[in-house]
Structures are given as structure tokens and as C-alpha cells.
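Here the structure is laid out as C-alpha cells; the discussion comes afterwards.
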4 protein chains.
Amino acid sequence: MGMVGGGRGAFIGGVHRMAAALDGQIDLVCGAFSSSAEKSKLSGQDLYLPSERTYGTYQEMIETEKSLPADIRMDFVSIVTPNHVHFGPAKMALENGFDVVCDKPVAFNLEEALELKKIVDSSDRIFALTHNYTGYPMVKQARAMIKAGELGTIRKIVVEYPQGWLSNKIEEADLKQASWKQASWRTDPARSGAAGCMGDIGTHAENLAEYITGLKITRLCADLTTFVNGRLLDDDGNVLVHYENGAKGIIYASQISVGEENGLRIRIYGTLAGIDWTQVEPNSLIVKYQDKPRQTIRTAVGNLHPEAQAHTRIPAGHPEGFLEAFANIYRNFAFCLQARLAGKAVDPIYRDFPGIDDGVRGMQFIDRVVQSSQKGAIWVDF
Amino acid sequence: MGMVGGGRGAFIGGVHRMAAALDGQIDLVCGAFSSSAEKSKLSGQDLYLPSERTYGTYQEMIETEKSLPADIRMDFVSIVTPNHVHFGPAKMALENGFDVVCDKPVAFNLEEALELKKIVDSSDRIFALTHNYTGYPMVKQARAMIKAGELGTIRKIVVEYPQGWLSNKIEEADLKQASWKQASWRTDPARSGAAGCMGDIGTHAENLAEYITGLKITRLCADLTTFVNGRLLDDDGNVLVHYENGAKGIIYASQISVGEENGLRIRIYGTLAGIDWTQVEPNSLIVKYQDKPRQTIRTAVGNLHPEAQAHTRIPAGHPEGFLEAFANIYRNFAFCLQARLAGKAVDPIYRDFPGIDDGVRGMQFIDRVVQSSQKGAIWVDF
Amino acid sequence: MGMVGGGRGAFIGGVHRMAAALDGQIDLVCGAFSSSAEKSKLSGQDLYLPSERTYGTYQEMIETEKSLPADIRMDFVSIVTPNHVHFGPAKMALENGFDVVCDKPVAFNLEEALELKKIVDSSDRIFALTHNYTGYPMVKQARAMIKAGELGTIRKIVVEYPQGWLSNKIEEADLKQASWKQASWRTDPARSGAAGCMGDIGTHAENLAEYITGLKITRLCADLTTFVNGRLLDDDGNVLVHYENGAKGIIYASQISVGEENGLRIRIYGTLAGIDWTQVEPNSLIVKYQDKPRQTIRTAVGNLHPEAQAHTRIPAGHPEGFLEAFANIYRNFAFCLQARLAGKAVDPIYRDFPGIDDGVRGMQFIDRVVQSSQKGAIWVDF
Amino acid sequence: MGMVGGGRGAFIGGVHRMAAALDGQIDLVCGAFSSSAEKSKLSGQDLYLPSERTYGTYQEMIETEKSLPADIRMDFVSIVTPNHVHFGPAKMALENGFDVVCDKPVAFNLEEALELKKIVDSSDRIFALTHNYTGYPMVKQARAMIKAGELGTIRKIVVEYPQGWLSNKIEEADLKQASWKQASWRTDPARSGAAGCMGDIGTHAENLAEYITGLKITRLCADLTTFVNGRLLDDDGNVLVHYENGAKGIIYASQISVGEENGLRIRIYGTLAGIDWTQVEPNSLIVKYQDKPRQTIRTAVGNLHPEAQAHTRIPAGHPEGFLEAFANIYRNFAFCLQARLAGKAVDPIYRDFPGIDDGVRGMQFIDRVVQSSQKGAIWVDF
């Protein structure tokens, strides 16, 4: 694995590295960790990389690595930069024969996403997008239950994603604060894109709803707000949503919900049963029935759907968390690469990670919520 | 207390009687329990009432009781009938000098509510409306905290109220089922009014938000749905809401959220702190701060605001529930009657129960959500 | 109902009155509320009782009431005094033809309890003991499940009852503090008996275990401690317990577990399933299975055992609490009195409240834990 | 890192490898994964190890690696075998200059543990014992709070550790079942030692209590049971415990508590506050006060003690689990090795992992509980 971005002070780069390392399937062999060549070198040293494989730019990395012998060069590129630097390295990597793991949202805007989709579709390379919340075993279980009809026809979907870390204007705060770097680019239209909160976490909410239910959003009405004075992008949004089968629901995301940590939660109600999953306690999936007891399905407890069981590593009661779910994307991606190298088919259970189509949906979601809100929170088709 | 409605098979009548009895301040002395005189008599017997004070109609009850000596006759009327029979007995009771406790929503439609307001305002009688969720100690605590500025400026308010009991068309089911009688009138436009779910429980959500925050809703956009085939009123609704101070939020209510019991929950986020209260576990109020530990405030634990402490009866860890909260409305109402009789002032802490203005707000809410939804889920002013 | 004890400043007297009033089956008609005749009068006024039926002593109450016409005089006596004044009024009431409800523990010591048992057994009066935690619907459900064999053979029983209110020596504190009166007599060997914490709440734990499982304790090893300097009775105790069928377990009670409210919890594990019930959230009963999802059984949700359904009043999701559970004892007691008066049999489902045998077991428990602990925490037979 | 044990079908070997890999500080370079040379080779292949560094025995591994150049040979040995094969490789590794990470309990019996302590103490190698539950950030927080006096004087400590996976005699079940291999050796006195449940998980409970409080157990009274017919070691135990400062408590562990996953929980009550931590939801630490709100301290939320902050990797609300806690031991161990190699001092905050003294305490605990129970559950000194 060669990494683009993720130098000193970054958040998500470290997450990708830990997730890639966890299962012993992937080694970090090179990187272009920063837009500053010097910072890139320092980051490479931190990571015990040889100096000659710590590159100043992603272009340099891709070109140099391409020229190395097959058993030495990186197998794939992992892109962990801010949104405005997703498209470039992804395109170049794919066009030079490298598979790609890319952080979400997939691009800076919908146009880039659509162009990238063309590139991916016309290539034989694998493209994975780290909508990491799909990697949790109980999310897999929820999806498998719905696929198996255990909930009946889906009627209502409520996804909420409150955070509180942008309650104050920390993007202008002292540079030494750990969260400043994150706040700085995520609230900057030039680096983040047309949406703030909705791009950063609203897309996770949208992706989770579509992934679990298999239903597409068809219309929405979005009420976005910037609560913090002087901030340039939305920091809160409430969205009414219609799905293709007639289901209705709400997606709300917020970064000014003071005191909330990372409160992604999804509730789905069908004609037969409802389910309830909360990211901060990810190893429980609550199933609700009318007139009989609620069930709490738990990671690694017997009788899970195989899709869920295949994405847990340790026995019941040994909690698996965010990094393990994130690692499930990397592990499945690695299994697919290995299978291709070995000329074998991959068990479909592992051919399960978000890709370019999820990326395009996410960018459409951003596009539509911004459009709806700018026109006065009217309904727009998806 | 004389009761209108609440005969055999009713739900809320029994609740009112238990709530009124709990604190030893109120005796049930008469009633017109049913539109059937015979059923009314049987209900009176169940309740150990003398036959001559079990009336066939509320008109008969009010007229007869009025003629009894002051120390014998009922002190006030409690109205626990379906919505279309609220206005009539309330008007007649008030005009004949009786104080009134009335179940919510206050009337069949907004016109009735406005007319009733005129009657109440021009009378010197006390009118209480049983938006019972305002009676919980932790709801009082939340309100007092916001009043004291402990949350800062309110930015976001999320109220949810999912139930599942109308997931199927039980209004057509076997008459013997306990919930049929409830389902039957609550889904019937001739008895319930213009809204189903939104009138029955959406109004509780709206009332709770305005009661706790002290803020009025100014605009809304409502997406109501009837999911169950052949049902005549909405059984689900998602509403975007704006408040007078610029706060925004969501109110959603549902009676097809299968497996949900009575899931009223409110979360309020200010600039300084957020609060979270859930009706099914009503003795905890969670307070969320940025960068410091969450607090769980508990009924009857030391250091509550006096408003909260005054509405709890037993020591911490002895859970108080729905009936105790409901009883707080009756007890406060009784204290106010006693004070008037004694010519004394009531401690303001007890002059705290919903009244006619809350009733009018509730009917406006019903009116506006129906209007918004019928026009395609557009924004309407409140 | 005539009450002994429960005057101004008492805690449990008010609880008994609210519990008795809740279901409209019982009226308070007289009382001897205090050892001070003057305080008794004032308490009677608070409760709207006529002055002539507010008595100075329980002896006076029993004698006077006995002489009143049957349709006027009290039907039964409710005893809510400290432990050292249980036996006297209970004996006198029974011997004068009155049924009795008595607070727990049943007597000051085992000898009194055994003598009272003789009196009850040789009388035809009903004696109810308010081990109120047995009144919760989910406790009834747990008992019915075990009776039906749903847990298999019981192996392990863990009962814990931590409180924190005696963490400091509040029995010496300012008299104005609300909890002082409670602390004062409960830590006084002359009024409480041989045990402090173990008598006050340990007996509830013992009773709950035996009630739910139907198993008797046969041996125990008790390690009691007085943590607060100068206190005269135990304020904490840990007990190893053996049951008649070979099951083993722990009972622990504490009043110095700082920050705990009223944390009674019981977990029972059989060969087939385990159950878990916590008093502070009493409407949930968790059932745990090996290799399949946990179930959360909830008050008033469909498919409860009839014993549980019969002890709930309102629909699911409308939380019932401590007073409702307490009221279940009074209501069942009232149903039994009514049936006797009517010469009818009572549905066995309502002939369910603790009685003198539970009282004797409780006093034996106190006797044995004190004996075990005094001898160095050795094993003693029950 | 060279590994002893942990071949195909093992549980804890994989955990150690993931924990070691997570932070990018440690590479697995060789192993003797099985007592069967052939199985060891296959395991080595699974792990992408070169064939020549997959050894047939730990002796071969230690001898061969010792002869390799310093920059090639393994830096330390990780021992993940059943208990009866801890002492041998640990002794040999230490005596040949290798640092050691060893799974718990440290040895097969107390004699081995004491001898190993002599070897460790007389060597300059680092010995880490994977009492992994000490690695959780909230456990660090609890310890730091107690050290800082925030709980006052500790009075009561309740540690519970229920599991249900040995409710049936799965040690005789079909070999194909995943848990059979675990059950098989853990219930076998020849491989596990004198205790079953108490050795496997009781020692974790004991270690956690002493680690967090800094207090030593001085006396105990243990009631061990074998509930499953024909099982050779205890599968349940209840222990009364006294601590050096006068604190008292309970330790209970069980593997027949049907439906329990891995329920380690510790509650500690001091004179000022109590704390409550549960392993299955490890990112919350509840702090309980008398007369003021409970606090929920959360991993990575601001204002943690530095000891807690140093052991968390990602922002609040991104749950860290069992593997992350386990990895904290490996990471700290690696930091200490690196510092020694670099001739630098290690920040004391990272010099924090269990060692040989914890191992000896654990074996003493096993020794004493077995002794106590065999003599009829009498008190024995520690």
C-alpha cells in the first residue's frame, strides 16, 4: 500500500493505516504524506519507511512505484487527503494500473465523481470507498435481515448523525488544538466542497440508509443551516426523504449538537419488524416486534447471518469497534486483490465494500441537499 | 370531581381516575361515563358511585350537580371523551360555574378551540389540559434549566414520538381486542378531527417542545403519510420546524413504527449544553457538554431545581412513572382550586399545568401540518 | 383502612396511602399516625380525616373502630411504624377481628415473628406484608417463567441491593434534613432490631430471590460491616448463599455505596436461560440465552404470562413505577377482602402478596446473617 | 516478534497478532505455532512467514533466532500457549536474552510463578503479562482518579465476571465447533492448572481490582462449584474478599451464567464517589456521587487524566474495543524496548503494563481460592 495524504497531524490517515495493518494482509510500503515534501519525509520516518519511498507528491509516487519490480512496488494506492485532492490521485493511480482505496466523499463535486466513475468503469482495477460504517458486523446483519425479508416491506427510515465538535468556531482557534486541522479544511468550501456537515457526515448517513435497505432515495427536502457566525458552510441540516418503494424518512446531520460525539444511528421500520443500530455501541442490533419481546442481536453471538459472522474477529463480549469495522473494508479489498492475483474467485461474502457507485450517490446527495436548501428548502428529485 | 366519558373499555378515563386519586386531594363523586345511559350506570357501579349520581349525559350531570348543595356537588368536571366531545361539555361546565380538566387535543378543530378560549378567558374558572408529559419531574427540570440559561441560546430541537400499535389495520379487527376501541375512534375523522397520528401524539410532541424551551414554532413543513391501506387519517408524519428565535428542528410522530411502544423523546441543543429526555425512562435527564463528562440528572436526587423537586413524591431510585406525572397535573389543579376556595395565593411552583393557550397552539399545529402536507409538504407559517 | 404510624415527616406512610388510593378500592377512614397524640391530630387534618377518627394510639383506634357499625368502621389496619412497633398493633388488630397490612420486616426479632405467625395461622384474617418489590409486573413475569420451566434448573442467583444514602453519619445530622428521620430509627438497634442494612433492605433481597425462584435458602456465610464510625448497626453486607436445590449465589446489600439510589437487581441463571431485572428500570426484564439473541420483555407488551399482565394498568411504554407495584399488594389484598365479604373465591392470580411466612423467613434471614457475621463470617444453616 | 503457540484454530494467538500489528510498531517475524511441526508450518504460511523462520518447537526458535544477526532476529518472544506451556518458553527466552510477552495466568502453578519471578528479577529483560483489561482507557482513568483521591477512601469493591459459554459440557462436543478447542484445554487440570473458571477469568477480576485501586487482597473466602456434571474443574465461584486498607468486597466469576458474553464489571465505592465500569461497553466510565448528578466519562472526550488520554487513538464517539486495549499493552511494551535500544528513558505514562508481580499475585489468588473452597469455603489469608 502506498498512501496519499495522512501526514503528521492528520486524523484519517492514521485510521487508514491502523485499519490496513490490523489483519496482517497489507503492508504500508510507501507514501506521499503531505503537500510539503519535508513534512512528507518526517511522516515517512515516523512510519519506519525508507527515505527513498517517501515521496514529495503523489505524482512522483505513482510514477516511481510503477517503475519498480512487481514484487517490490506498491499494490495499491490509499487516498486520505481532503476532498479536493481525491480525484487527481485516484485518476492517475487507476490510469497507471493501481487499484485504489479512497476516503469519502469520493470527490470535490458531482462532475468529478461522474468522470471518475467513467474511469473506474472502463478500468479493470478495484476501487473501494471508505464508507466505513458499512463495515460493522451489525450493519451487515441488518442488511442481510432486510434482504431476507425479515422486516417485511420497509416503510420508514430515520437516520440521525449528530456531532457537537463544531459548536464553536474552532476553525479559527489556536493552531495547536488537535481538532483545528480537521475543522479548518472541513469548513472551507475550497477544500471541502459545496457542503460542510452534509458532505462530511450527511453522506455517511445517506450511504448507510441505502446500503442497509437496498433502497434508493428519490426525492428530498433539505433545511440546512449555518449556526456558527462567519462559518462558510452548513453545520446542521434536517432532510425529509422519500425512497423508491414509497418508504419515507428523515436524515439529519449536525455538527453543532453540543455534547454529541459521533452519534450515527439508524432506525428502519418495516411491516413486520423494526431495527435500531447506534454507532457508539456498535455491537448491538435491536430488533423490535409488535406484541413480542425485543431482541438484541450481538456481534459474534450464535445464529448471525453469515454476512455478519464473516466480519467479526473475536468471541462475543469482546467489543469490536470503529477500527475493526474500518479494517473490514481493507481486508475485503485485500481479499479481492489476492484473488485476482491468484486468478481465483472471491467468496461473495467478502466482495462487499462501497465503491464508485456509492461515491456518485454521495455526491448527488450533496448536490441535491444544497440545491434544495438554497431554493428555500423545497423538494427536489434525486 | 365529575367525569364525562371514561366508561368500561376506555383507556384514558381510568388513567384520569388513578391520577386524580393518587394524592388524596380529589374524590370522584359523579359521572356521565358513556353515551349509553345503561353503560354509564354499569361504569358507575364499578366505581362504587351511588346510582343517582351516575348520569346518562353530561348535560344531565352538570344541571343536576349544579343544583346540589355546595358541600355535596362536584367541584369540577373532568372530560375524557373522544375529541369531538370535548368542546360541548367544556363550554357547558364553564358556563355553569365549574372548573374543567380536559383531555387533549382540546377540541375537534381550531374553530372550537378559539371559541373555547374566549369562554375560558372571560370566565374565572380554571381550565387544565392534560398534556401529561409536562408533569414529569425531569421535564420540569429541563424547563427550569433552560429558563436559567444553563443551555445558552437554543439552536436545535429534535422531538420524536414513534409508536407501533397502528402498524396493522386494527381499527377493523375483532371488537374484543383491548386496543380496538382506541384505534377505532382515533382513526375516524368524524371523532378524531383532521389529523390522526399528528393529532393524537404529534400535539404532545409540539407541546413538549414549546413547554420546555419556552419558544414558539413559527413555520413548518410537514410530510404526512397514511401507510396502512384504507385508513382515513395519517398514521405517520415528519415535520421540519422553525422556532421564533432562529432555532430549527424536527418533530416526527408515527403510529406505524412497528415495535415502538410510546417513544416520546426530546433533545435540545443550546450553545452551552444539550439535554436529552426519553419518556419510557422518565427519571433520567441527560445533560451533554462539549469536552466534559455527561451528567445524568435523576428524579429526587439532590440539587434539582425546585420546580422539579416539587413534582416528585418519593426518594431517588423509587421510579415514578406515567401516572405520577399525570397526577401532577391533577394535584396542581387541586391546589389551585383549594387556594381559590381558601382565598389564598398558590405557590407559583404549583400553578404549572397546561391550559387553554396550549390547547389553541395544539389545534393550530394540527391545522398547519394538515395544510402543509395537503399542499405537497410545503412551508406554512404558524 | 385505618393506619398506624405514617404521620408528618414519615416516608413509608405516604407511600402506603398513595398505594392504597391508586385503584379506587380503598379509602383511608381513620388513623393513629404518631406516638404523639397531637402530631397524630395534625396528620389527620392533613389527610382530611374527621377529628374523631384520628386517634392518639393504635389501641384506642382498634377499640373504638371495633365498636362502630360494620358499614362505618375501618375494614383493616395498615401498620407503617418502625420495626419495634409492628408486633403490638398487628397482634391486637388480628385478635380484634381486623385484617392487617404490615410493613416489613414483619417484627423486631424472630421470636415476635414466630409468635405472630401463630396468631395469624389461628385466625381467619388476612395478613399482608409489603415486600413491595414482588408487586412489579416483570417480577411476576420472572416468577411465572421459572415456574413454567423456561429457565431450566436454577443454578445461580445473584441479588444486589446497593444504596448510598447512609455513606455519612446522617443519623446525627441536622433534624431538618428530610432523610434524618429515616436514618435515625433505621440505625438504632432499639427500634430497628439486630440488623441495620441487612434488616432494612437485605430482607427485600432475600424475599425477592425466594419469591421469584420458589427456592429456599439453606445455608449462608455473611460478612457484615459498619463502615461509618460510631454507627451501631451494619451498613454493608456481603453474603454467600446456598439454596435447597443446589443453586448457589450471592446476596449483597449496602447503604454506603455512595451514589447508588435504590439499586435492587436480581440475576438468575438456569440451565436453559438467564434473567436480569433491575428495580430502577422496572418495566424491562432481560432474558439471556446461549447462542441466540437476548430478549427484553416489557410491561404490557403482548404475550406476557397472565400473572404479569394482571398486574399492569396501562399500555406498553407508559412506565409504571414503585407506587404502582406497591399498589398491587393493596389491590390484591382488597380483592381478597371483597371476595370474603361477598362469599366468593378470588381468582388465584390476585391471591398473590407476601404474608406471614415471608415475614418469618425475613426474620430468620436477619437472625442468621447477624449470627454468621458475629462468629467471623462462618457458614450457618438457615 | 516471534510467537510461541497461536496456530490454526487457536483464539488468543490471533488476538495477540492483531494487537501487536495495530500500531505499526511490531512485525511478526517468526514463530513456533504448534506442538505439531507440520501444523506450525501451515500456520506460518497463513501468516506470510518464510518457511525457514517457522519453527517446530520454541526451543528451536529461540536457539536459531539467537544466532541470527541483530537486525534480523526477533526482538522478543510472545507466548500464547495453554497455561502449562508458559513457564518453559518464558524461562528459556529470558535466559537467552529475549524480552517476553506472556499470556495470563503467568504459569501452571504458584511454584512456577515464583521461580519465574526470580528469573525475571535477575535479568534485565522486560516481561509483560497480558492482563489486557488494564489496557482500556477508562480503566486507566479509573486508576488515575483513585490515585488522585477523587473517590476518597475506598470502602467497597465489587468485581463480577460472568460468562455462559461453558453452560454445557462443550469440552466433549464435536471437534468441529469453534469453541471446543478453547473449552477442551481450559477445563483440563493437566493443561489449565488447579482452577478452571477462577484461573481463566477470576484472575482477570482480581488483577483489575488491584490494578485500579492499588490495594492488595489480604483474605478471602471462596465458594467454588462445578455445575456441569463430569467437568474436572470449577466453572463458577463466589468469593468474599478483604483488602489491606479495610475495604471489603466480592469477586465472582462464572462460566455457566447462561447468556452472558464476557461480562467483566467493576464497581468501586469510596467515601466521596463511586465508579462503575463494564467491559462490554468499555468507553464509558460512570462516576456516582451522593446528591449530585452522575457523570459519564467517555473515551477521548476532553479533560481525561493524561494516563487515559495516552491510551486512546481516535476521537470521541469512535468506539475503541478489546483489540485496541490489548494493543495498548503491546504498544507500551514496544515503546519500552525502543527506549532501551535508543538508550532513552520512557515516559512513565507508557511504562504501564502488567508484569511478573501481577503474575505472581494471580497465581496466589488461584492457590488461595482453591484452598479456601476445598476446606469448605473458609477464610484464608492471601
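When A:N83 is tested against (1) buried (at least 19 other Cβ atoms within 10 Å of the Cβ); (2) in the same structural domain as A:N283 (by TED's automatic domain parsing); (3) within 24 Å of A:D352 (Cα to Cα); (4) of a type in the set (S, T, N, Q), exactly one condition is not met: (2). Residue-level analysis places B:D71 outside the set of residues that are among the acidic types (D, E), within 30 Å of B:I349 (Cα to Cα) and in contact with a helix residue (DSSP H, G or I) (Cβ under 8 Å, 6 or more places away or on another chain).
Looking only at residues that are within 14 Å of chain D (Cβ to nearest Cβ) and outside any helix (DSSP H, G or I) in segment A:320-344, which one is surrounded by the most Cβ atoms within 10 Å (Cβ to Cβ)? Per the stated criteria, the residue is A:E320. Restricting to segment D:1-15, name every residue that is closer than 19 Å to D:A90 by Cβ and in a helix (DSSP H, G or I). Once the filter is applied, which keeps residues that are closer than 19 Å to D:A90 by Cβ and in a helix (DSSP H, G or I), segment D:1-15 yields D:I12, D:G13, D:V15. Against the list (1) within 12 Å of chain D (Cβ to nearest Cβ); (2) free of Cβ contacts under 8 Å to residues at least 12 places away in the same chain, the condition C:Q255 fails is (2). For segment A:313-327, indicate whether the set of residues that are in contact (Cβ under 8 Å) with a residue 24 or more places away in the chain and among the β-branched types (V, I, T) is non-empty. No, the conditions are met nowhere in segment A:313-327. Every condition in (1) within 14 Å of chain D (Cβ to nearest Cβ); (2) assigned to a loop (DSSP other than H, G, I, E, B); (3) buried (at least 22 other Cβ atoms within 10 Å of the Cβ) holds for C:L272 except the one numbered (3). When restricted to residues that are aromatic (F, W, Y), within 25 Å of D:A144 (Cα to Cα) and over 21 Å from the mean Cα position of the chain (by Cα), segment D:331-382 contains 0.
Looking at segment D:150-169, is at least one residue within 14 Å of chain C (Cβ to nearest Cβ), free of Cβ contacts under 8 Å to residues at least 40 places away in the same chain, over 26 Å from D:D381 (Cβ atoms) and not basic (K, R)? Checked segment D:150-169: no residue is within 14 Å of chain C (Cβ to nearest Cβ), free of Cβ contacts under 8 Å to residues at least 40 places away in the same chain, over 26 Å from D:D381 (Cβ atoms) and not basic (K, R). If the condition is being more than 13 Å from chain A (Cβ to nearest Cβ), at pLDDT below 95 and not in a loop (DSSP other than H, G, I, E, B), then segment B:276-302 contributes no residue at all.
Touching a residue at least 12 places away in the same chain (Cβ under 8 Å) and at the interface with another protein chain (Cβ under 8 Å from one of its Cβ atoms): is that true of D:E260 in this structure? Spelling it out, D:E260 is indeed touching a residue at least 12 places away in the same chain (Cβ under 8 Å) and at the interface with another protein chain (Cβ under 8 Å from one of its Cβ atoms).
Among the residues of segment B:42-51, none qualifies, meaning not one is surrounded by 21 or more Cβ atoms within 10 Å (Cβ to Cβ), at negative phi and in contact with a His (Cβ under 7 Å, 6 or more places away or on another chain). Restricting A:G263, A:G246, A:G202, A:G214 to those that are outside the structural domain of A:E111 (by TED's automatic domain parsing), crowded, with 23+ Cβ neighbours inside 10 Å and small (G, A, S) reduces the list to A:G202.
Let's see how each residue does on (1) surrounded by fewer than 24 Cβ atoms within 10 Å (Cβ to Cβ); (2) within 30 Å of D:G270 (Cβ to Cβ):
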{"site": "D:L68", "(1), (2)": "yes, no"}
{"site": "D:E111", "(1), (2)": "yes, no"}
{"site": "D:D124", "(1), (2)": "yes, no"}
{"site": "D:F127", "(1), (2)": "no, no"}
{"site": "D:H131", "(1), (2)": "no, yes"}
{"site": "D:M138", "(1), (2)": "no, yes"}
{"site": "D:Q141", "(1), (2)": "no, yes"}
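Scanning segment B:149-188 for residues that are basic (K, R), at pLDDT 95 or above and within 21 Å of the chain's Cα centre (by Cα) yields a count of 0.
Across segment B:214-236, the number of residues qualifying as part of a strand (DSSP E or B), closer than 16 Å to B:L166 by Cα and either among the hydroxyl-bearing types (S, T, Y) or more than 9 Å from every other protein chain (Cβ to nearest Cβ) (or both) comes to 2. Screening B:V239, B:V228 for residues that are in contact (Cβ under 8 Å) with a residue 60 or more places away in the chain, on the phi < 0 side of the Ramachandran plot, touching a Phe, Trp or Tyr at 6+ places or on another chain (Cβ under 7 Å) and of a type in the set (A, V, I, L, M, F, W, C) leaves exactly one candidate, B:V239. Scanning segment D:156-171 turns up at least one residue that is part of a helix (DSSP H, G or I) and assigned by TED's automatic domain parsing to the domain that holds D:Q290. If you go through segment D:350-372 one residue at a time, do you hit one that is within 14 Å of another protein chain (Cβ to nearest Cβ) and in contact with a strand residue (DSSP E or B) (Cβ under 7 Å, 6 or more places away or on another chain)? Yes, some residue in segment D:350-372 is within 14 Å of another protein chain (Cβ to nearest Cβ) and in contact with a strand residue (DSSP E or B) (Cβ under 7 Å, 6 or more places away or on another chain). Being under 23 Å from the mean Cα position of the chain (by Cα), touching a residue at least 24 places away in the same chain (Cβ under 8 Å) and farther than 23 Å from C:G317 by Cα is a property that B:R191 has.
In the set (1) surrounded by fewer than 24 Cβ atoms within 10 Å (Cβ to Cβ); (2) within 14 Å of chain B (Cβ to nearest Cβ), A:N96 fails one condition alone, (2). Can you spot a residue in segment D:124-137 that is in contact with a Pro (Cβ under 8 Å, 6 or more places away or on another chain), within 18 Å of D:V241 (Cβ to Cβ), away from every other protein chain (no Cβ under 13 Å) and not polar (S, T, N, Q)? Taking every residue of segment D:124-137 in turn, at least one turns out to be in contact with a Pro (Cβ under 8 Å, 6 or more places away or on another chain), within 18 Å of D:V241 (Cβ to Cβ), away from every other protein chain (no Cβ under 13 Å) and not polar (S, T, N, Q).
Within segment B:125-144, not a single residue is touching a strand residue (DSSP E or B) at 6+ places or on another chain (Cβ under 6 Å) and either of a type in the set (S, T, Y) or under 27 Å from A:K248 (Cα atoms) (or both). For D:A37, state whether it is modelled with pLDDT under 95 and either within 19 Å of A:A21 (Cα to Cα) or away from chain A (no Cβ under 14 Å) (or both). Considered against the rule, which asks whether it is modelled with pLDDT under 95 and either within 19 Å of A:A21 (Cα to Cα) or away from chain A (no Cβ under 14 Å) (or both), D:A37 comes out as yes. Looking across segment D:1-26, the residues that are at the interface with another protein chain (Cβ under 9 Å from one of its Cβ atoms) and not hydrophobic (A, V, I, L, M, F, W, C) come down to D:G14, D:R17, D:D23, D:G24, D:Q25.
Scan segment D:147-183 for residues that are under 18 Å from D:L264 (Cβ atoms) and not small (G, A, S) and the total you get is 11.
Residues are listed down the side, and each one gets a yes or a no for (1) closer than 15 Å to A:G13 by Cα; (2) touching a residue at least 40 places away in the same chain (Cβ under 8 Å):
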site	(1), (2)
A:S67	no, no
A:A70	no, no
A:M74	no, yes
A:S78	yes, yes
A:A90	no, no
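Filtering segment B:345-378 to residues that are farther than 23 Å from B:A113 by Cα and either surrounded by 22 or more Cβ atoms within 10 Å (Cβ to Cβ) or touching a residue at least 60 places away in the same chain (Cβ under 8 Å) (or both) leaves B:A377, B:I378.
The values are calculated or read from the model by the stated rules, or taken from the named source; none is laboratory data. Note that this is a predicted model, so its numbers are computed, not measured. All Cβ positions, even for glycine, are placed from backbone atoms using ideal geometry, and neighbour counts span all protein chains on display.
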